[in-house]
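Contents: one structure, followed by commentary.
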Amino acid sequence: MDINSFIQSETFLRHNRDLSERELDGPVDLSRTTEVKISRDVYHEADSRGLTLSELLETEEYDPTPSDCPLDAFERQLALAGIRLGGKSPTTVEQFYQKSPSLMPEFILREIKKGQSMRPELSAIIANSTTVASNRYTPFHIDTSSTDRLSLRPIGEASDIPHLLVTEQNHSINVPEYGLGLKASYKALRYRTTAQFRVLLWYIGFKLQTDKIALIVNTIINGDGNSNPAEVIQTDASGTLDYDDLINLWAQFAPFEMNTLICPVGNLKSILTLDEFKDPMAGYRFQNKGELFSPLGAALLRCDNVPSDNIIGLDSRFAVEEVITQPLMVEYDKIIEQRFEEAVISEAVAYAKVIREASVVLDVVYA
């Protein structure tokens, strides 16, 4: 999705309603906020403690947010500097730098994360997200080949106890660092308002999440390097997808539950137009709000990185885990110095299979 389509999307419009200044019931206490001076050293301290600037400001030694305060610690820093992110006269990027350049990197990071939150589908299709200290990660291997070993049964004297065999996979996975350069000159941004600039940042976060969904799809289909690609079944007739094919896919999941279907737009349209799913209320919701119905109880997710002849079914509770070695970060030194064209937004992330049988691929077998 390009940025113009993104701006016109329901996801953008839903978040864009909060651009105006937040209504405050009364004055906000900034007495402790005035004692905190944000500098490169504070960013360095946050890095050394594995925190973002916002998280560091919330610690007891800085400026923790009282339970009744409508602004968090970073928002109070913006208020103290007189930076307005919305309303009738939002602050321009140039004014932001004149008032408090050291706040710009955290502003950028927070707005990119807001953009990531506009693709909630990613968190819905991973079983777990884990942060590790090394750029190599060895997933678990859970042996599900024999149901007898894990069947619940009475244990007699001297009889074998059912057990689940959990070992490490033969091969560790590499957790690569992904970077995105913000190729925008300060000249191009200086007269833009923060309200305009944050839309660009939202789109960056939105696109990052979209790309990570594609990484998950690749892991599901091809495995994580441990000979664990998803099982592939085929439709009854070449090039044809019907209701019986989806029932057959659903039936592969016992004892799991097929709670998610991921497919490209062509197969998504085929599912939406099956006679068995032409529920008038489902059609009304789709036409009115663009809400997709849930065939066989599974959430539909469009991802055009899925091969055109595939539909992925998965039990998102057990299929894939996310591994992070470096959370999302921006190069704060370059941002503070207004060198946007050199600044890199980066994150180190990978995906690994948890239980292979929790995902199955339906191949439509186009001739």
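The values are calculated or read from the model by the stated rules, or taken from the named source; none is laboratory data. These figures come from a predicted structure and were not determined experimentally. Don't worry about glycine lacking a Cβ; one is built from the backbone with ideal geometry, like all the others, and counts go over all protein chains shown.
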Being surrounded by fewer than 21 Cβ atoms within 10 Å (Cβ to Cβ), within 21 Å of THR144 (Cα to Cα) and not aromatic (Phe, Trp, Tyr) is the filter; apply it to the range 250-269 and report the residue that is nearest to the chain's Cα centre (by Cα). ASN259
If we scan the range 45-67, do we find a residue that is modelled with pLDDT of 95 or more, within 26 Å of ILE324 (Cβ to Cβ), charged (D, E, K, R) and not in a loop (DSSP other than H, G, I, E, B)? yes
Filtering the range 22-41 for residues that are surrounded by 10 or more Cβ atoms within 10 Å (Cβ to Cβ) and modelled with pLDDT under 90 leaves a count of 4
List pairs: first in the range 161-177 and on the phi < 0 side of the Ramachandran plot, second exposed (fewer than 12 other Cβ atoms within 10 Å of the Cβ) and of a type in the set (Asp, Glu), Cβ under 7 Å, 6+ apart or cross-chain? none
Condition set part of a loop (DSSP other than H, G, I, E, B) and free of Cβ contacts under 8 Å to residues at least 12 places away in the same chain, scope the range 68-100, selection nearest to the chain's Cα centre (by Cα): answer is ASP68
If the Cβ limit is 8 Å and pairs must be 6+ apart or interchain, which residue in the range 211-224 that is touching a residue at least 40 places away in the same chain (Cβ under 8 Å) pairs with which residue that is part of a helix (DSSP H, G or I) and not β-branched (Val, Ile, Thr)? LYS212/LEU122; ILE213/GLU121; ILE213/LEU122; ILE216/LEU122; GLY223/ARG356
So which of ILE161, ILE112, ILE108 is assigned to a loop (DSSP other than H, G, I, E, B) and either over 17 Å from the mean Cα position of the chain (by Cα) or modelled with pLDDT of 95 or more (or both)? ILE161
Have a look at ALA298, ALA319 and point out the one that is surrounded by 16 or more Cβ atoms within 10 Å (Cβ to Cβ), modelled with pLDDT of 95 or more and not charged (D, E, K, R). ALA319
